[in-house]
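Undergrad: Handing you this structure, nothing more for now.
The values are calculated or read from the model by the stated rules, or taken from the named source; none is laboratory data. Not measured: the values here are computed from a predicted model. Calculation scope for accessible area: heavy atoms of the full protein, side chains included, ligands and nucleic acids excluded. Shrake-Rupley method; radii C 1.70, N 1.55, O 1.52, S 1.80 Å.
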Amino acid sequence: MAFWSSTSVFTSKVPRKILFMFTLSLSVTYLFYSLMSCYNSLQFPLQENYAYQGRLVTEEATFVTLREKLYSASPGLNQFAEAEGTTVVSGVKEHAEAEQRTVEWIRTQASPTKSAAAVYHTSAQEREHQEFSTTDSELRVNCTMDYGEKKLPQAIIIGVKKGGTRALLEALRVHPDVRAVGNEPHFFDRNYERGLDWYRDLMPSTLEGQITMEKTPSYFVTNHAPKRIHTMARDIKLIIVVRNPVTRAISDYTQTLSKKPEIPTFEVLAFKNRTLGLIDASWSALRIGIYALHLESWMQYFPLSQMHFVSGERLIVDPAGEMAKVQDFLGLKRIVTDKHFYFNKTKGFPCLKKPEDSSTPRCLGKSKGRTHPKIDPDVIRRLHKFYKPFNMMFYQMTGQNFEWELEEDSEPHSSQD
């Protein structure tokens, strides 16, 4: 009773304004200390958010964030979820402990055992790498393309059209020591007036030990191509892909038909006079197949030792076998083998197995493997008879028997190139 009476006397003597101010100051002070104690734990998610954005944070800013985390992180409660790229932080440490922890963190960067901060740094780098991985990969490819020196080709696939030249080139490009132009330059038949500097500039850059190549099948039937190529490089290696001239002619016609459906039938174009059985050898589809005639022009400038003849038929049934011979001819290690091919039943010819960094096989495009139109068997028989003496001459000139006469009774249905 005495206590309450004394309290009432005290409160009556103290002005109410002072009591209000005292209470308010206590509340503000309590709120201030509460906010200070929560400050560190509140700031980390915000900083983590900026760090996670990657592009908005410089390396210096990332280092500052890491140091501030170390100032306040408790080693017993700090857990880093590296797989998810997130950080769970709790607890508060004294400033002196944090300074010591920062020093230890710097010392452990070269250590094989990662500290928590190092793990975070690695995680941040991984996130950054993931965001830029595609661009970086493209840049590395572009930089690699610029390495080395542009050189004139040391080897050319000079023919023949619809023989399998594209399939051969794509298989050769798998070899690490071969750099080849994808498109046909047509330098020695259409663009010769542009000069060798223009031609060299089309070539990919090569390193020491790599071979520069190109392929333009029309060179084989171009009269002035042998002399022009010889003038550029006397020791150049020439590759000619040949196939049964009848099959080749039908494949050639099939390609033209796909672009110009209005052209006459194969039978009409093949004969000057079908009743008399006169073959029109001036039609380009048939003229290309007179291989002996064209090879004679090349042998005036190049010895057979600088030429290699690839069988278009064997390139389909045994691509690895033909590739082994080509690699030997070019002086390359046999790297492209049977493990690089698989047979595509739909197209009817081999495709390259998909590279490790690709989701699809490297098969020739829709323009390859077209179904041939139905040709009158009598026309096919007459064409085989027409080509036979030229084939025999070609076998003698090359020293190889391509056995095209064995196909006289079989009708081709699909083309490869």
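Undergrad: For F271, enumerate residues with amide H under 5 Å from its amide H, sequence gap 5+ or separate chain, H modeled in the peptide plane.
TA: Counting only residues 5 or more places away or on other chains, the set is D280.
Undergrad: Kindly report, to the nearest 10 Å², the accessible surface of H224 as traced by a 1.4 Å probe over protein heavy atoms only.
TA: 80 Å²
Undergrad: Pull up the DSSP beta bridges for the range 146-282 and report the antiparallel fraction as a percent, rounded to 5. Can you show the working numbers first?
TA: Values: 4 of 14 bridges.
For the range 146-282, the DSSP antiparallel bridge percentage is about 30.
Undergrad: Sticking with this structure for a sec: Would you mind checking the pairs K325/K385; K162/K215; K151/K353; K325/K388; K150/K339; K162/K333 and listing those with alpha carbons more than 21 angstrom apart?
TA: Numbers: K325/K385 31 Å; K162/K215 13 Å; K151/K353 30 Å; K325/K388 26 Å; K150/K339 31 Å; K162/K333 28 Å.
Beyond 21 Å: K325/K385; K151/K353; K325/K388; K150/K339; K162/K333.
Undergrad: Also, I was wondering about something else. Ordering V268, V379, V181 by how much accessible area each has at a 1.4 Å probe, largest first, what is the list?
TA: Sorted by accessible area, descending: V268, V181, V379.
Undergrad: Mind listing the phi-derived Karplus ³J(HN,Hα) values for the range 275-290, rounded to whole Hz, using 6.51, -1.76 and 1.60 with θ = phi - 60°, and x for any glycine or proline?
TA: Once rounded to whole Hz, the list reads 4, 8, x, 7, 6, 8, 6, 7, 5, 4, 4, 8, 5, 4, x, 7.
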